[in-house]
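Each remark here refers to the structure printed beneath this line.
Here, each number is a calculation from the coordinates, and none is a lab measurement. Note that the structure is a prediction, hence the values are computed from the model and not measured. Because the Cβ atoms are built from the backbone with ideal geometry, glycine has one as well, and the counts that use them run over all protein chains shown.
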Amino acid sequence: MKVVILMGAPGSGKGTTAERIAEANYQHVSTGDILRAAVKDGTELGLEADGYMKSGALVPDELIIRLIEDLLDKGNDDSAYLFDGFPRTELQADLLDKVLESRGSAINMVIFLDVPREVLIRRLTGRRICRGCGISFHVTNIPPKVEGVCDACGGELYQRADDCEETIANRLEVYNNQTESLIAHYEKRDLLKSLDGDQGADNLASEVMSLIK
């Protein structure tokens, strides 16, 4: 079993990079996607998670880990997983280590996408989402053919409330506080590889692939 963790602040390109890498036989593991799928499927864990989400509470780490265990149990010794944005804290990292160890595996590499703060803010404040189909655009990087209109379905494009500059600055501060010690944790274990995240998506994906192939 191969396990690679992709780290980076909001706006660093983790999701886009992970999707491209997933095309090369790595299963993209996003805890948000896992939670939504479990809720949609009405599984026991999904119903438990849904209760937390509907109340506005954070889903406990232990429940997320149980969902990850279910996912890993569906794989085999040749499976390869790319974790996108998880773990975010040292506690989550310890829990994941125990899950992998119990299956005779371990983390192979942690890749950190390093992007300057001003670039992250510019990327995130420029994001626009379609109200109809949910596709993302960007006012400069991925502009729609017609301003304010989705290319795919013709729906209205809008800026999410959490994409305003003040909210983004707070999100980045929270992220840095959460992950600073985690980055050092993986660095000490000689697992961390830092890449320049301020480059084109194709180049970044190629660099990641060259590390994990």
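Using a Förster distance of 25 angstrom, determine the FRET efficiency expected from the C-beta separation of D202 and D73, and round it to 0.05.
Here the calculated transfer efficiency is 0.15.
At what distance in nm do the modelled label points of A106 and D151 sit from each other, each positioned 7 Å from its Cα along Cα→Cβ?
Those two pseudo-labels are separated by 4.5 nm.
Based only on Cα atoms, what mean projected area does the convex hull of the stretch 154-213 have, in nm²?
In nm², the orientation-averaged hull projection of the stretch 154-213 is 6.8.
Please return the longest range in the chain lying between exposed loop sites, taking GluC sites (Glu not before Pro), DSSP loop only, at most 14 other beta-carbon atoms within 10 Å, and leaving the sites out.
Between exposed loop sites, the widest span is 24-146.
Calculate, axis by axis, the spread of Cα positions in the stretch 19-65 along the three principal axes, and write the results as whole Å, longest axis first.
37, 19, 16
Quick one: give the max-minus-min coordinate of the C-alpha atoms of the stretch 47-187 along each principal axis, largest first, in Å.
So the three principal-axis extents are 52, 35, 33 Å.
For n ≥ 4 DSSP H runs only, could you compute -39500 (n - 2.57) per run for the chain, divide by its residues and tell me the 222 nm figure to the nearest 500?
When only DSSP H runs of four or more count, the value is -15000 deg cm²/dmol.
Run the dipole for the chain about the Cα centre, Lys and Arg Cβ at +1, Asp and Glu Cβ at -1, nothing else charged, and hand back the magnitude in debye, nearest 20.
In total the dipole reaches around 400 debye.
Hey, can you grab everything whose amide H is under 5 Å from the amide H of D151? Only 5+ residues off in sequence or another chain; H modelled, so Pro and N-termini drop out.
Under 5 Å from the amide H of D151: K145.
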